[in-house]
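The values are calculated or read from the model by the stated rules, or taken from the named source; none is laboratory data. The structure presented is a predicted model; accordingly, all values stated were derived computationally and were not measured. Cβ atoms come from the backbone with ideal geometry, glycine included; neighbour counts cover every protein chain shown.
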Amino acid sequence: MRSPRTRGPFLALSLAIVKGFVRDKASVFFALIFPLMFLVLFGGLFGDQTQSKVELVQVGQVALLDEMSDGARGAFDETFDVEESDDLAAALEKVRKGDADVAIEMRGDTIVAHYTQTDQVKAAVTQGALQAFVDGTNVALSGQPPRFSLETERVEDDSLSTIQFVTPGLLGWAVAMSAAFGAAATLQGWRQSKLLRRLQLAPVSTRTVVGARVTVTLLIALVQTAIFIGLGAAAFGLTLTGSWWMSVPLLVVGTLCFMALGLLAGAITTTTEGAVNAANFMVLPMAFLSGSFFPLDAAPQWLQTFSQVLPLRHLNEGMLDVMVRGEGPSAALWPIAVLAGFALVVTLVAARLFRWETT
Amino acid sequence: MAAIEVVDLSMTYGDLRAVDAVSLEVAEGEFVGILGPNGAGKTTLLEMVEGLREPDSGRATVLGMPVWPRNAGLLPRIGVQLQASAFFERLTAREQLHTFAALYAVPVREADDWLERVGLVEKADTRVEDLSGGQAQRLSIACALVHDPELVFLDEPTAALDPQARRNLWDLLSGLNDSGRTVVLTTHYMDEAEVLCDRVAIMDAGAILRFDTPDALIRGLDAPTRILLADGEVLTTRDPAQEIARLADEHRLDGIRVQTGTLEDVFLDLTGREYRA
Ligand SMILES: Nc1ncnc2c1ncn2[C@@H]1O[C@H](COP(=O)(O)OP(=O)(O)OP(=O)(O)O)[C@@H](O)[C@H]1O
Ligand SMILES: [Mg+2]
């Protein structure tokens, strides 16, 4: 009738931890919902940024617009949102306030465009686009076919949109955060409630207890991964490249690494809130400095160099390489080695600082 | 063989001698109570005997085995209820019990019986955070006993219990003891110690002052008997038989109460009336 020794305690502990997690709304929110909010934010909103139209105020009659052929007018409307006005001063005020991007008026045969330098990128786009339409209309009026034509192509794969860049980074951050928080909160919570003491008196090995906690955290990480990739693909057109499956071993060692940091946070603090705050203090700045939210390409060199000592940086790089940059499986090996090294060192430190009780 | 053998056990926190060279022997099948004011060192002593704390000096042997370092062979044979309830967060009472049962490889059905034994059937699906103090205490006791240990340590098991639950727990513990289990508990209730315990240790400032049967302790106190009459008069006498005979002759027996020395008197006599830190 008695179940075999070796399996029972492990499963029972894992189940107890899973239930404790699922029933804690705050944990579930921060592990699953919160990172997804970022994914929706980055993937959904910023993804369309380059396509937002230039707001143009047309003051009085502007021959260029009125004489444009239907085809040219269609292309023009894709770039510009046209609003008509008779009051130049009001139009200029609008541009100055940022309610419109450019105001145009005719002075004889010259089109005068009033723009603001506040948003330099938009200003450049506006000037370039207007110039192109003026040239195009001139050519069309001359009745001669244009001699040269220009086609532009991006160097990246067509699918490399914002979502491709943000998914691996946000996923790495989400996994790191819930691993660190989970470990820190469990260690502190169990110590506070004397459950650690009680478990010490039960015939289960430390290995079984730690193993159950690690297993549950890994399961949570896999669920996070599935949801992230599923939502990214279904809603935002995420497409994974060849060896994306290498992200799984990457996330596994990443989880171990950040659990170790969480244990460290739990070991050096005396309250559950303190442990969670300490974990937060380690993970959140690290996420920014490691390029989880924004690419580091534009960051100063010293920051890029410094970020190499952060485990999350290596997790991010590895994830980007295998998930969207189309690198082979071997691209993940170095990050995996670095993360494993971090995990080992931090675990040893945490174990040294570990106390059964807070007093 | 002695169930518990403690020799010169000491524990110091800073310069506080929480437990001071305690020696003690408990026979198998015995029911022992440890009494003592707050901070006397009861919990510290128990935790060292259970193998939770490493003593500064001395040694403790339980069921013939040393308890320190952690002895995995011993653990299934002892049951421990810590002074503070220790639970898995957000599990229901039943799930809690099942988890502890699994740690000791006890089948689920046997574990469920314990819900009834501690009167928590109606609260089986309530999360531990939502149990009342006394209910949590009962669940904690059930978790300590679920694997039917030979030797049971209970640290203030009846604290926070209502009178019904307290009596029921007395019955439960007496039953365990009658079937041969050794029980060691701490308590602040003298009546409880008097009813349940074969022997009582009175502890103060880290040392055991007396360790004897409740009867012998009370006899040793040699306190006079007090007779309270219905009209409020109080007689103090060393010869209660003669005094009561006299009252009978005077037809004044209705409503009298006779108080002999109690364990509480022994306790106060030994430990004084001052507050403890
Ligand atoms: N971890 C600790 N660090 C420092 N001092 C401690 C610690 N644990 C207990 N003490 C001190 O040791 C003394 C004995 O404590 P203990 O808990 O054993 O008392 P107790 O007899 O169980 O009291 P109570 O009846 O209140 O439960 C107390 O003075 C207490 O303040
Ligand atoms: Mg105590």
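Tabulated data for the structure shown
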quantity	calculated
Count - residues of segment B:196-241 that are surrounded by 15 or more Cβ atoms within 10 Å (Cβ to Cβ) and either closer than 30 Å to B:Gly175 by Cα or under 16 Å from the mean Cα position of the chain (by Cα) (or both)	17
Helices (runs of 4 or more DSSP H) enclosed by segment B:78-195 - at least 2 residues per element that are out of contact with any helix residue (DSSP H, G or I) (no Cβ under 7 Å at 6 or more places or on another chain)	B:108-117, B:133-145, B:163-178
Cβ-Cβ under 8 Å pairs, at least 6 apart or on other chains, segment B:102-114 side within 7 Å of chain A (Cβ to nearest Cβ), far side surrounded by 14 or more Cβ atoms within 10 Å (Cβ to Cβ) and hydroxyl-bearing (Ser, Thr, Tyr)	B:Ala102/A:Ser3; B:Ala105/A:Ser3; B:Pro107/A:Ser3
Whichever residue in segment B:82-95 is among the polar types (S, T, N, Q) and at pLDDT below 95 and, among such residues, is surrounded by the fewest Cβ atoms within 10 Å (Cβ to Cβ)	B:Gln83
Helices (runs of 4 or more DSSP H) (entirely within segment A:1-119) containing at least 2 residues that are modelled with pLDDT of 85 or more	A:7-22, A:25-28, A:34-40, A:88-97
The lone exception for B:Ser140 - which of (1) touching a residue at least 12 places away in the same chain (Cβ under 8 Å); (2) more than 16 Å from ligand 1 (Cβ to nearest atom) it fails	(2)
Residue that is modelled with the highest pLDDT [pool: residues in segment A:159-211 that are more than 21 Å from A:Leu256 (Cα to Cα) and away from chain B (no Cβ under 14 Å)]	A:Val166
Residue among B:Gly58, B:Gly33 that alone is within 13 Å of B:Val6 (Cα to Cα) and not hydroxyl-bearing (Ser, Thr, Tyr)	B:Gly58
Residue list for segment B:44-60, filter: under 20 Å from B:Leu82 (Cα atoms) and away from ligand 2 (no atom under 16 Å from the Cβ)	B:Gly51, B:Glu54, B:Pro55, B:Ala60
Tally of residues being more than 12 Å from B:Val118 (Cβ to Cβ), crowded, with 16+ Cβ neighbours inside 10 Å and among the polar types (S, T, N, Q) across segment B:159-185	2
Options B:Gly29, B:Gly73: the member that is over 20 Å from B:Phe211 (Cα atoms), small (Gly, Ala, Ser) and more than 16 Å from ligand 2 (Cβ to nearest atom)	B:Gly73
Qualifying residue in segment B:34-43 (condition: within 16 Å of ligand 2 (Cβ to nearest atom), of a type in the set (S, T, N, Q) and assigned by TED's automatic domain parsing to the domain that holds B:Thr158)	yes
Matching residues, segment B:172-193, being within 16 Å of ligand 1 (Cβ to nearest atom) and among the acidic types (Asp, Glu)	B:Glu192
Only listed residue being within 23 Å of A:Pro9 (Cβ to Cβ) and more than 14 Å from chain A (Cβ to nearest Cβ), chosen from B:Ala124, B:Ala159	B:Ala124
Filtered residue count, segment B:194-204, keeping only those that are out of contact with any Phe, Trp or Tyr (no Cβ under 8 Å at 6 or more places or on another chain) and within 14 Å of ligand 1 (Cβ to nearest atom)	2
Leading residue by the ranking (nearest to B:Val184 (Cα to Cα)) among those in segment B:75-101 that are more than 7 Å from chain A (Cβ to nearest Cβ) and either within 16 Å of ligand 1 (Cβ to nearest atom) or without any contact (Cβ under 8 Å) to a residue 12 or more places away in the chain (or both)	B:Gln81
Flag for A:Gln304 being under 20 Å from A:Ser247 (Cα atoms), assigned to a helix (DSSP H, G or I) and without any contact (Cβ under 8 Å) to a residue 24 or more places away in the chain	no
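Conditions tested, residue by residue: (1) away from ligand 2 (no atom under 16 Å from the Cβ); (2) at positive phi.
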| site | (1), (2) |
| --- | --- |
| B:Arg181 | yes, no |
| B:Tyr189 | no, no |
| B:Ala205 | no, yes |
| B:Asp215 | yes, no |
